[in-house]
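What follows is one structure encoded as structure tokens, with my remarks underneath.
The values are calculated or read from the model by the stated rules, or taken from the named source; none is laboratory data. Everything numeric here is computed off the predicted structure, so don't read it as measured data. Cβ placement follows ideal geometry from the backbone for every residue including glycine, while neighbour counts extend to all protein chains displayed.
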Amino acid sequence: MLYVPLVIAYLFRRLAWAVVLLFGITLAVFLVVHLSGDPTALYVGPEGTREDYEMVRAALGFDRPLPEQYGRFLLRAVQGDFGRSLRHQQPTLPLVLTRFPATLKLALVAMALAVALALPLGILSALRRNSVLDTFAMAFALSGQCMPTFWLGILLILVFAVQLRWVPVYGGEGLAALALPALTLGVWAMARTARITRSSMLEVLHQDFLRTARAKGISEWGVVLRHALRNGAIPIVTAIGLELGNLLGGAVITEAVFAYPGVGRLAVEAVVNKDVPLLQAVVFTVAASLILLNVAIDLLYMALDPRVRLA
Amino acid sequence: MRIVLGALALVVLLAGVAQGQPKPVIVVQSGEAATLDWHMHCDKNAHEPDRQIFDTLLRRDLKTLKLEGNLAESWRLLNETTWQFKLRRGIKFHNGEPLDAAAVKYSIERMLNPKQGAPGRTSIATIDHVDVVDASTVNVVTSKPFPLLPVRMSPGHCGTVGIVPPKYIEQVGDAGFAVKPVGSGPYKFVEWVKDERLVLEANRDYHRGAPAIERLVFRPVPELTTRVAALLSGQADLVSDVPPDQMAKIKASGVARTEVSTLGGFVIMVKITNYLMPGPWQDARVRRAINYAIDMDTIIKTVLEGHGHVLGVPLEREAFGFNPAMKWWGYDPERARALLREAGYANGFEMTLHAPNRRYMNDIEVMQAMAAMLGKVGIKANVQVWEQSVYTTKWRKRELLPAYMTAWGGAGVFDGDLLVNSLHSKSALAIHKNEALDKILEEAQGTNDPEKRRALYFKAQEIVFEDAPIIKAYQQAHIFGISNRLDWKPWIDNMLFLYDARLK
């Protein structure tokens with residue numbers, strides 16, 4: 001079914017694009033940060049004189065022309081060195097990588113929570129189209145998509161941590177640490193996935209092959225799960241894959257609200273402190289993982305639908 | 001739904017298991033230290049834990065605000081440029097290293113060394129070198145008279161000298177010291193898990209006696225609402241910079257209370273340039289008119305809900321050299337209009353007020369209220385709000401013209417020298433130039449005699465008054481949220497110092 005050389009060629013092509021894309025992304029971040037002023041001010045004491053300022057500026061390399069600064073960055077970056085964080089005075093990449101697992105864990109739990117809710121919700125809505133259940137489920141999904149992460153996070157904290165005291169506001173061990181942030185982060189993905197599941201199920205539910213399946217005497221649930229869901233899966237998988245990307249990137253606000261020690265918080269901190277090298281490393285890592293994720297989804301398509309060709 | 005309920009049930013179970021151990025005192029902060037090396041930051045979030053870990057030669061008496069001995073038992077001026085400190089004997093760093101004259105010399109000269117890159121270096125740059133006289137005596141030699149030297153040897157948020165252990169730093173290097181500090185303060189460093197927690201424990205051998213609290217944990221929680229929620233849920237014991245609108249909620253919770261500190265807060269002011277940007281504001285009469293137009297009392301009563309007070313002269317009332325007889329321009333819109341007419345601006349003019357975004361308590365609203373009041377006398381003021389990091393960059397480059405909000409003080413200095421930082425034309429924060437003022441402030445900086453120095457600051461305040469380079473300075477109160485189990489009062493510089501804290 002899969003031709004190995006073809007897959008390898010495809011991977012190489014994607015990889016080449018990834019390099020171009022990452023190059024563009026780092027350039028964009030670099031320009032945006034530098035256009036809003038150079039970061040020196042934040043690294044000189046408040047009583048520092050003009051001379052102190054110039055000294056620090058030169059030490060940080062911000063006195064050089066922008067193209068030169070970017071060139072230096074690139075030269076080091078291709079060797080895997082993203083420079084030292086201005087604030088932490090440590091190499092940036094390890095700083096990001098040590099926090100990455102926490103963010104990944106949060107995103108995966110949020111995704112699992114979202115999918116566990118969204119699939120049954122979407123399937124049931126499609127099967128009982130226009131019923132009270134459908135209306136209720138879709139209203140639920142819609143409100144999930146409407147709620148701002150920040151607001152929902154605070155609301156959950158006030159109810160479950162302050163009033164009921166079931167979980168800590170931040171920190172904690174295992175599930176207790178993840179429950180509220182994962183719920184907050186996952187709601188949007190849940191809502192979107194539920195709606196996409198519903199519409200793609202609706203599309204396949206009335207097709208001929210399902211009638212054939214039923215005619216073969218397969219149970220109704222067998223028809224729905226094995227035949228309908230499998231055929232309606234591509235948009236759902238796409239949605240889930242893209243959502244996982246959103247979750248990785250979207251963890252910024254959730255991590256800030258719940259004081260969760262992940263990459264998102266590092267990103268906020270880097271922005272606030274104009275820590276350019278750290279910001280570059282964060283953006284690079286997240287972008288690289290999103291690109292990898294996209295490749296993985298494409299490969300998954302092929303497994304799901306043999307008609308998808310490696311174009 | 002069942003999955004969610006199941007998960008929640010499990011969470012409840014786990015949360016229950018986690019309880020039952022004695023809880024350390026937990027301080028939640030808005031951010032985390034980048035380094036715990038006292039000499040290497042000017043950062044509140046780093047200073048707060050460092051204040052527990054390190055100690056200084058002198059400190060201030062809480063009631064009188066007078067400097068008193070700490071690691072040094074006495075100090076005196078030997079000649080115009082030499083200060084002698086006699087150290088208390090037998091004090092050791094947490095690792096057992098002796099805190100002697102050599103350690104003091106090392107600490108001061110380390111911070112002074114330009115290669116070290118200490119951000120607070122400028123504040124002590126008048127020091128030339130330090131001589132060790134004997135194991136418990138040091139002479140600090142300055143290049144010219146430096147009356148502020150004792151202040152720089154007492155706790156303060158930036159530009160003050162914390163005493164650090166030379167042998168340990170030599171052993172672990174600057175990078176090692178930054179993440180695993182050793183000091184001689186009331187609490188010892190235990191562990192630091194970045195982004196999660198910084199744990200300290202009581203120093204049983206502290207020279208003033210062991211602190212009552214066994215364990216302290218500092219936790220970075222970037223969101224203010226989350227910090228307050230942590231206090232309300234009983235998860236945290238101490239939160240600083242609580243906004244006034246959260247006070248009622250904390251008071252009503254039954255688990256925590258608020259404490260308002262009016263001492264030593266930031267001195268906040270809106271500075272107006274007289275030379276960097278041409279315009280009506282170059283005329284002192286116009287700047288006085290602007291002051292007459294602002295009803296600062298009402299702004300403080302409403303926007304700050306009463307948590308502040310008007311100063312006028314940008315100097316803390318407790319500061320050395322503050323002239324209590326000094327009255328600033330009052331609130332009188334009629335006179336404001338008259339002055340504007342006199343200056344030739346009967347039809348008013350337009351100006352921009354640059355505001356920081358949540359740097360000071362309700363800062364944007366304060367400036368919007370000012371703009372509205374200026375509107376009533378015919379000055380169309382537009383408030384331009386800048387994001388924090390952009391704001392800092394722009395003020396460094398003196399691009400926030402013709403007027404911007406800034407603050408000084410609140411760092412435990414309590415000295416007329418603060419006028420230098422806010423108003424000397426060479427200061428990084430100043431956008432106003434008055435040569436007479438510059439001269440007097442420089443003279444005061446080089447005068448050791450307290451009476452002469454006080455007289456110079458009185459004179460400086462008169463010049464500031466006439467010249468009106470700022471819009472009515474005010475001080476904001478600092479509001480702390482404290483759990484009911486913790487007995488603690490804010491320290492004079494509003495930095496957390498938890499030596500005196502105890503559990504009820």
**OP:** Would you point out which residue out of B:199, B:221, B:228 is within 30 Å of residue A:150 (Cα to Cα), surrounded by fewer than 20 Cβ atoms within 10 Å (Cβ to Cβ) and in contact (Cβ under 8 Å) with a residue 12 or more places away in the chain?
**Re:** B:199
Subject >> Odd one out for residue A:162 among (1) at the interface with chain B (Cβ under 7 Å from one of its Cβ atoms); (2) buried (at least 24 other Cβ atoms within 10 Å of the Cβ) >> reply: (2)
Subject >> Odd one out for residue B:174, checked against (1) in a helix (DSSP H, G or I); (2) surrounded by 19 or more Cβ atoms within 10 Å (Cβ to Cβ); (3) within 14 Å of chain A (Cβ to nearest Cβ); (4) not aromatic (Phe, Trp, Tyr) >> reply: (2)
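I'd like the residue in the range B:147-171 that is within 14 Å of another protein chain (Cβ to nearest Cβ) and not charged (D, E, K, R) and, out of all such residues, is farthest from residue B:35 (Cα to Cα). Spell out the reasoning first.
First, the residues of the range B:147-171 that are within 14 Å of another protein chain (Cβ to nearest Cβ): B:148, B:151-152, B:156-161.
Then keep just the ones that are not charged (D, E, K, R); that gives B:148, B:151, B:156-161.
Details: B:148: 26, B:151: 23, B:156: 17, B:157: 14, B:158: 14, B:159: 15, B:160: 16, B:161: 16 Å.
My answer is B:148.
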Original post:
Looking at the range B:125-143, is at least one residue modelled with pLDDT of 95 or more and in a helix (DSSP H, G or I)?
Top reply: no
Original post:
How many residues does the range A:144-188 hold that are aromatic (Phe, Trp, Tyr) and either touching a residue at least 60 places away in the same chain (Cβ under 8 Å) or touching an Asp or Glu at 6+ places or on another chain (Cβ under 8 Å) (or both)?
Top reply: 3
**OP:** Just need a number here: residues in the range B:154-210 that are in contact with a Leu (Cβ under 7 Å, 6 or more places away or on another chain) and not β-branched (Val, Ile, Thr).
**Re:** 9
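Would it be correct to say that residue B:164 is in contact with a strand residue (DSSP E or B) (Cβ under 8 Å, 6 or more places away or on another chain), among the aliphatic types (A, V, I, L, M) and touching a residue at least 40 places away in the same chain (Cβ under 8 Å)?
Working: in contact with a strand residue (DSSP E or B) (Cβ under 8 Å, 6 or more places away or on another chain): no; among the aliphatic types (A, V, I, L, M): yes; touching a residue at least 40 places away in the same chain (Cβ under 8 Å): yes.
No: the conditions fail for residue B:164.
Do we find that residue A:115 is within 24 Å of residue A:283 (Cα to Cα), more than 10 Å from chain B (Cβ to nearest Cβ) and touching a Ser or Thr at 6+ places or on another chain (Cβ under 8 Å) in this structure?
no
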Subject >> Conditions (1) polar (S, T, N, Q); (2) within 14 Å of chain A (Cβ to nearest Cβ); (3) surrounded by 16 or more Cβ atoms within 10 Å (Cβ to Cβ); number of the one not met by residue B:81 >> reply: (2)
Original post:
Which condition number in (1) surrounded by fewer than 16 Cβ atoms within 10 Å (Cβ to Cβ); (2) over 20 Å from residue B:54 (Cβ atoms); (3) within 14 Å of another protein chain (Cβ to nearest Cβ) is the one that residue B:126 fails?
Top reply: (1)
**OP:** Please state which of the following conditions residue B:414 fails to meet, knowing it meets all the rest: (1) touching a Leu at 6+ places or on another chain (Cβ under 8 Å); (2) modelled with pLDDT of 90 or more; (3) farther than 30 Å from residue A:33 by Cα; (4) more than 14 Å from chain A (Cβ to nearest Cβ).
**Re:** (2)
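Taking the range A:266-283 on its own, how many of its residues are within 10 Å of chain B (Cβ to nearest Cβ), farther than 21 Å from residue A:147 by Cβ and part of a helix (DSSP H, G or I)? Steps first, please.
Restricting attention to the range A:266-283, the residues satisfying the condition of being within 10 Å of chain B (Cβ to nearest Cβ) are A:266, A:268-269, A:271-275.
Those still in the list that are farther than 21 Å from residue A:147 by Cβ too: A:266, A:269, A:271-275.
Applying the additional criterion that residues be part of a helix (DSSP H, G or I) yields A:266, A:269, A:271-272.
Result for the range A:266-283: 4.
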